[in-house]
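J.: Questions regarding the structure given below will be posed in turn.
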Amino acid sequence: MRRTSGMMQVAAGGMRSGPIAVLVLVLFGCSPAPPEATVEDPIVADAAESVSMDSAEGDPVAAGASPEPAVEEPTGPPVLVVETAKGTIEIETFPDEAPQSVEHIVELINRRFYNGLRVHRVEPGFVVQFGDPQTRDMTRRATWGSVGSGNPIGVSEVSPEHKHRLGSVALAHPGDPTRADSQMYISFGPQPALDADFTVFGQVVSGMDVARTLAVNDVIRRVTVRP
């Protein structure tokens with residue numbers, strides 16, 4: 001991505017450039033806390049022990065039973081749920097390969113940063129992008145795509161493990177991947193020219209048909225995180 005007239009750009013194979021559209025799950029702008037000990041009343045404790053022993057004596061099964069092990073619920077990577085004017089897009093994130101990027105985006109989502117933003121860039125066959133807070137203000141349309149949250153991630157997490165392909169979600173930046181922030185974009189296909197310079201932090205797992213229908217000015221109604 002290179003800056004031209006104050007706007008961030010993503011160059012596709014050296015053949016196109018333009019203001020980066022923030023991903024719907026996009027990018028620049030998108031970078032993202034103990035129990036108290038208690039002392040038991042000895043009288044209450046004795047009474048509780050008495051009840052426990054009485055129950056065990058009257059119930060041979062209870063007396064010999066061992067507590068069932070706690071069942072841990074399966075956990076997976078955070079999934080970003082992007083509700084747009086055209087439908088919903090779900091993005092599975094890559095916290096193992098891009099931990100700080102994922103943490104940064106999740107923090108912004110928890111602050112409701114993306115709610116009410118608009119898509120600011122659409123390039124058919126290339127990307128759809130969002131994440132610039134200025135897009136809430138139609139009078140500032142000339143500078144859409146030029147800013148983020150104001151708190152860049154500070155590190156590059158470009159990884160050979162995740163290249164651009166259909167549905168890849170990556171972070172836009174003004175020329176330095178360490179300065180990626182809130183703007184993100186969804187790729188409409190393989191983009192080998194971007195693989196070495198942009199952090200791919202997620203993959204669309206549902207709603208790619210919705211992403212393809214998005215247009216500039218479409219509202220990102222809400223973005224939430226599903227564990």
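J.: Mind listing whichever residues of the stretch 149-188 are within 14 Å of Ile105 (Cα to Cα), surrounded by fewer than 24 Cβ atoms within 10 Å (Cβ to Cβ) and among the aliphatic types (A, V, I, L, M)?
T.: Val155
J.: Under 7 Å by Cβ, and 6 or more places apart or on different chains, what pairs join a residue from the stretch 123-141 that is exposed (fewer than 14 other Cβ atoms within 10 Å of the Cβ) with one that is assigned to a strand (DSSP E or B)?
T.: Final answer for the pair search is Arg136/Leu117.
J.: Inspect all residues belonging to the stretch 137-145 and state whether any of them is of a type in the set (Ser, Thr, Tyr) and under 23 Å from Ile89 (Cα atoms). Step through it out loud before you land on a result.
T.: The first filter runs over the stretch 137-145 and keeps only residues of a type in the set (Ser, Thr, Tyr), leaving 139, 143.
Now narrow it down to the ones that are under 23 Å from Ile89 (Cα atoms): none.
For the stretch 137-145, residues of a type in the set (Ser, Thr, Tyr) and under 23 Å from Ile89 (Cα atoms): absent.
J.: Can I ask one more? If you take the residues of the stretch 118-145 that are part of a loop (DSSP other than H, G, I, E, B) and among the aromatic types (Phe, Trp, Tyr), which of them is farthest from Gly175 (Cα to Cα)? If you could, list the steps in order and put the result at the bottom.
T.: In the first step, residues of the stretch 118-145 are kept if they are part of a loop (DSSP other than H, G, I, E, B); the result is 119-120, 124-126, 131-132, 137, 144-145.
Those still in the list that are among the aromatic types (Phe, Trp, Tyr) too: 126, 144.
Details: Phe126: 18, Trp144: 17 Å.
Top of the filtered list is Phe126.
J.: Do you know which residues across the stretch 70-112 are assigned to a loop (DSSP other than H, G, I, E, B) and either in contact with a Lys or Arg (Cβ under 9 Å, 6 or more places away or on another chain) or modelled with pLDDT under 95 (or both)? Can you show your working first?
T.: At the first step, the residues of the stretch 70-112 found to be assigned to a loop (DSSP other than H, G, I, E, B) are 70-78, 85-86, 94-98, 111-112.
Across the stretch 70-112, the qualifying residues are Ala70, Val71, Glu72, Glu73, Pro74, Thr75, Gly76, Pro78, Ala85, Arg112.
J.: Let me ask something additional. Any residue that is on the phi < 0 side of the Ramachandran plot, part of a strand (DSSP E or B) and of a type outside the set (Gly, Ala, Ser) - is there at least one of those in the stretch 175-185? Give the derivation first.
T.: If we filter the stretch 175-185 for residues that are on the phi < 0 side of the Ramachandran plot, which is where we start, we get 176-185.
Keeping just the survivors that are part of a strand (DSSP E or B) gives 184-185.
Narrowing the set further to residues that are of a type outside the set (Gly, Ala, Ser) leaves 184-185.
Yes, the stretch 175-185 contains at least one residue that is on the phi < 0 side of the Ramachandran plot, part of a strand (DSSP E or B) and of a type outside the set (Gly, Ala, Ser).
Conditions (1) aliphatic (A, V, I, L, M); (2) farther than 23 Å from Lys86 by Cβ; (3) touching a strand residue (DSSP E or B) at 6+ places or on another chain (Cβ under 7 Å), marked per residue:
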{"position": "Pro124", "(1), (2), (3)": "no, no, no"}
{"position": "Tyr185", "(1), (2), (3)": "no, no, yes"}
{"position": "Gln191", "(1), (2), (3)": "no, no, yes"}
{"position": "Asp197", "(1), (2), (3)": "no, yes, no"}
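J.: Could we say that Gly148 is modelled with pLDDT of 95 or more, touching a Cys at 6+ places or on another chain (Cβ under 6 Å) and either in a loop (DSSP other than H, G, I, E, B) or at positive phi (or both) here? Full working, then the answer.
T.: On the way: modelled with pLDDT of 95 or more: yes; touching a Cys at 6+ places or on another chain (Cβ under 6 Å): yes; either in a loop (DSSP other than H, G, I, E, B) or at positive phi (or both): yes.
Against the criterion (modelled with pLDDT of 95 or more, touching a Cys at 6+ places or on another chain (Cβ under 6 Å) and either in a loop (DSSP other than H, G, I, E, B) or at positive phi (or both)), Gly148 qualifies.
J.: Related question: Across the stretch 189-227, what is the total count of residues that are closer than 22 Å to Pro95 by Cα, of a type in the set (Val, Ile, Thr) and in a loop (DSSP other than H, G, I, E, B)?
T.: Residues meeting the conditions: 1.
J.: Oh, and also: Which one of the conditions (1) outside any loop (DSSP other than H, G, I, E, B); (2) more than 11 Å from the chain's Cα centre (by Cα); (3) not basic (Lys, Arg) does Asn115 fail to meet, given that it meets all the rest?
T.: Checking Asn115 against (1) outside any loop (DSSP other than H, G, I, E, B); (2) more than 11 Å from the chain's Cα centre (by Cα); (3) not basic (Lys, Arg), the one that fails is (1).
The values are calculated or read from the model by the stated rules, or taken from the named source; none is laboratory data. Fair warning: this is a prediction, and the values are worked out from it, not measured in the lab. We place every Cβ from the backbone using ideal geometry, glycine too, and count neighbours over all the protein chains shown.
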